[in-house]
Each structure stands twice: as C-alpha cells, then as structure tokens.
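Here is the structure we will look at, set down as structure tokens.
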Amino acid sequence: MLNKIRTPLTLLYITSMGLFSLVIIGIIFAGLNWVLYIERSDEIKALTIAICDEQKNELIKHFYDANYRPGVILEDDRRDIRGQIFYCIYDNNKQLVKTDPPNAAFQAAVVDTINKWDEVSDDVRKETYILPDGQEVTLMMSAKRLYQGNNSIGTVYVGKDITAYEQIFHKMILWLILIYIIFWLMTAVIGYIMSGRVMKPIKDSIDRQREFFADASHELRTPLAILLASVEVVEEEGEKISVFSRQVLLDMKDEIHKTVKIVDNLLTLAHIDEKNIKLVREEFSLKSLAAQVIHSLSPLANAKNLKLCLEGEEAVNVVADRNLIKQVLFILIENGIKYTSEAGSVTVCLESLCSEHGKILKISVNDTGIGIEQDQKESIFERFYRVDKTRSKELGGVGLGLAIAKGIVECHGGTITVESEWGRGSRFIVLIPQRDNLE
C-alpha cells in the first residue's frame, strides 16, 4: 500500500518541479531572446543611421541629377567583403542608386524582400531564408527614408547576416533542454529518495499497528474461547436458570461469536500484510465448495426470502487453497445477501476460462441489491470502509470482508473487481490463474 502511495507522491514531486523548472527555462529563453533581439535591433539601427549619414550626399546628387548612379561600390570600399553587412540605396521610383551588395548566396532573397517592403517607418525586420542548398540564413534588416528639406529623396536599406548568432542561440537552447532533462532526472531520483524518507515514519507507524493487531488477535483468541466455553457450560444448566438469564446468555454467545469473527479477520489481515499466508494448494471441485457455502448461508437468505442460485460447469476442478477460496465465497455471498432487499436474488457463476497464459478460474457473484455508487467502487476494498454505514451497523460487520477477500485473491495471483450501479445491484468478479501442478 505504501509503495502505491510513494509512486504518485514521487510523480507529484517531479511533475511540480519539472513544471516549475520548465517555466523558469521558458522565462529565461523568452527574456534572452528578447534581449538579443533588442541588441541586434539597436545595432542595425545604429548601423543604418551611420550609413545614411555617409551616403546621403549620394542620394542628393542623384536627386538633382537623375543620371548619377554609382551602382555597386568598389571592393576596397566595402564594409564587409563577405557580404555579411550590406546596404542598398533606392530613389523614390525604387531604382537602385548605390549598393554594397549582400552575399551572392542570399542576394536574390534580399532584393525580393526590399521589393515587398511597402511601408518605411524606420522599422527593423528579422527575415529567415532557406537557400537552394538547404542552408538556413537569418538576416536583420532596417529601412530609413532620407529627406532633403521636406522632399523625400530615397530610401536606404541596411542588413546584416546574424545566422551565426542564431546558431549560437539554438545551441544554447539545446544545452538548456539537456540541462532540463538532467535536472528532471535528478529531481526524479531525489524525489523518490525524499518520498521514501517521508514515508518511513508512516511505514513504522503502520508496522506497529500491524504488530498490535496481530498480537492483540493472538492474545484475544484464548480469553474469548474460554468465555465462549463458560457461556456454553452455564447454558447446560438448562432449567436451573431463568428465561431472562437464558436470553442474556444467548445474546452474550452471539456477541462473542461476532467478536471472534472480528479477531479472526484482523489476524488474517495481519498475515496478509506480512505476506505470511502459506497457501495449501489442492485440487477440488469448486462447484461442490460453492454449494456448501450456499447451504450454510441458506438460513440467512431464507429469512429475507432471497433466492440463492448456483450456475456453472459441473466439473470445475481448481488448484488453490480450499479454505481460503471458501472464505472468499462466503464473504462475497454473505455481502450479497446482506445488501439485497427481500424477494431479491444472489447468483453465483463459476467458469473455467482459457487464455494465452493458461487456464483462469472465474467466480462471479451477482446480486439485485442496493448497488454501489461510481465514486465508491475503488474504496469498497479498503479496510473498515462501508458503503452505507447506517445499514452496515444494522447488518453487522466492520468493513473488513472485502479487504480480506482481495488479499486472499491477490495471494493466489488473481484479481477482484466490481461492476455496479446504484440501485441496480452489484457483480463481483474474481479471476484466479490456474497452475498445472500443486507446487
């Protein structure tokens, strides 16, 4: 049970820490991306202003002399011979006046971007291109309109290849992801260790409770047996005791039997917890065993005018612990009788199924009782849990039966489930794998 709690506790811890670290990394990524963009933008804007100051006279000359077109500048005058930093000066008619050309690999893409650049408002654009060879190039471009007095004389387009910056940034992202994965794995390990430390005091407390239940059960069995024997001895006096005293003795005997049953259940649970149940496997007829249990519970069913039915194959021979399987049948059938209204029915179905893993014993106990609400289906197998506490007190029992049945079934390597709707009865299904031998 504690392992079932430890796992979700660890998952909760690593999920919360993972989401927290993911948010932090996201904030770092967004902040870093924004800072780098601002820096590159400011850099390209400053470069644009500098080039505009340098080249304004060229546009003025062209403005007054339309035939003046310096075209491509000389190689010695270029800012960057590789074409990583470039500029293009256009007049108002979108005619190229002068250019420090971009790299030939992405020159056509730059020209296409400039031709589609409709509004010029000193804005900065980040453009990414896929070249014919599959290489990805990222450029930061800026445009600035120049004026002579109140007259526009042209536009300067400036660009810079920032692919190297982007590649470094992408590598940094990969490193952040790698760091996150390592941190997440470390969190998982630390979370598992820490959850174990947190669970240790709880485990110690539960172990002490289990020891107490086991010890108390052992210690109570002897005085209860003596008390029961004493009551039976007094009952043998017969006519020597009054009717009232005889009734008191009967009530005492009934309560002692209930207490003995509770003690036996607690002792069984203690053995299940300690995995100290030794299965005495033997081959027997399941239908005969179920018939015995139904016969023993017939008085309880007849008192409520209930119909007990047994269905299934005649030769359902199984290999299991006879006494423990009998206890499971008793618990499930008795529960069906307790929670079924008068004139209802409880049906036991026995089947032997075949699967790719071998034979499987299937026991189904169906009743027409009050049923179980959807949110209570998982809880009914917990100890001391009762669907209807008021009704359970009237019928007797402390909510240990289904927990014991589940423990016994799991000791046999099987499962127990329930199908039910409120007001429409319940169906308990037990599946137990069968072995080919008695070992």
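Contact order, relative form, for the chain: 10 percent (alpha carbon pairs under 8 Å, 6 or more residues apart, mean separation divided by residue count). Ranked by the mean number of other Cβ atoms within 10 Å per residue, highest first, peptides 404-410, 33-39, 343-349 order as 404-410, 343-349, 33-39.
If you take all other residues with their beta carbon under 13 Å from the beta carbon of residue 13, and give Lys and Arg +1 and Asp and Glu -1, the sum is +2. Applying both filters, DSSP loop and at most 12 other Cβ atoms within 10 Å, to the trypsin sites (Lys or Arg not before Pro) of segment 325-370 eliminates every site. Scaled against the 2.2 N^0.38 Å expected of a compact globular protein of N residues, the Cα radius of gyration of the chain reads 1.93.
Computed on protein heavy atoms with a 1.4 Å probe, the accessible areas place 40, 125 in the order 125, 40, largest first. If you sort 87, 180, 129 by accessible surface, 1.4 Å probe, largest first, the order is 180, 129, 87. Remark: the residue 7-residue 199 segment gains 68.0 nm on full extension, using 0.36 nm per residue and subtracting the alpha carbon distance. Remark: for residue pairs 203/359; 56/171; 94/126; 56/160; 287/338, the C-alpha separation exceeds 31 Å in 203/359; 56/171. The angle between the Cα long axis of helix 322-338 and the longest principal axis of the Cα atoms of the chain comes to about 90 degrees, rounded to the nearest 10.
Computed with a 1.4 Å probe on the full set of protein chains, the accessible area for residue 285 sits at about 30 Å². Taking every protein chain into account, the accessible area of the chain amounts to 59 square angstrom per residue (probe 1.4 Å). Considering only 340, 193, 106, the residue lying farthest towards the positive end of the dipole of the chain is 340, judged by Cα position with unit charges set on Cβ.
Rounded to the nearest 10 degrees, the angle from helix 286-303 to the longest Cα principal axis of the chain is 70 degrees. Accessible area of residue 355 (1.4 Å probe, protein heavy atoms only, ligands and nucleic acids ignored): about 50 Å². Using the average count of surrounding beta-carbon atoms within 10 Å as a protection proxy, the listed peptides 303-310, 24-31, 150-157, 107-114 rank, highest first, as 150-157, 107-114, 303-310, 24-31. For the residues 175, 117, 184, a 1.4 Å probe over the protein chains yields an accessible-area ranking, largest first, of 175, 184, 117. Here the extension length gained between residue 21 and residue 207 equals 63.3 nm, from 0.36 nm per residue of separation less the Cα-Cα distance. Roughly how many debye, to the nearest 20, is the charge dipole of the chain about its Cα centre, given +1 on each Lys and Arg Cβ, -1 on each Asp and Glu Cβ, and no other charges? Roughly 420 debye for the chain.
The values are calculated or read from the model by the stated rules, or taken from the named source; none is laboratory data. Computed from a prediction, not measured in an experiment: that's the story for all the values here. Ideal geometry is used to build each Cβ from the backbone, glycine not excepted, and the neighbour counts take in all protein chains shown. Heads up: the accessible areas ignore ligands, DNA and RNA and are worked out on the full protein's heavy atoms, side chains in. Shrake-Rupley method; radii C 1.70, N 1.55, O 1.52, S 1.80 Å.
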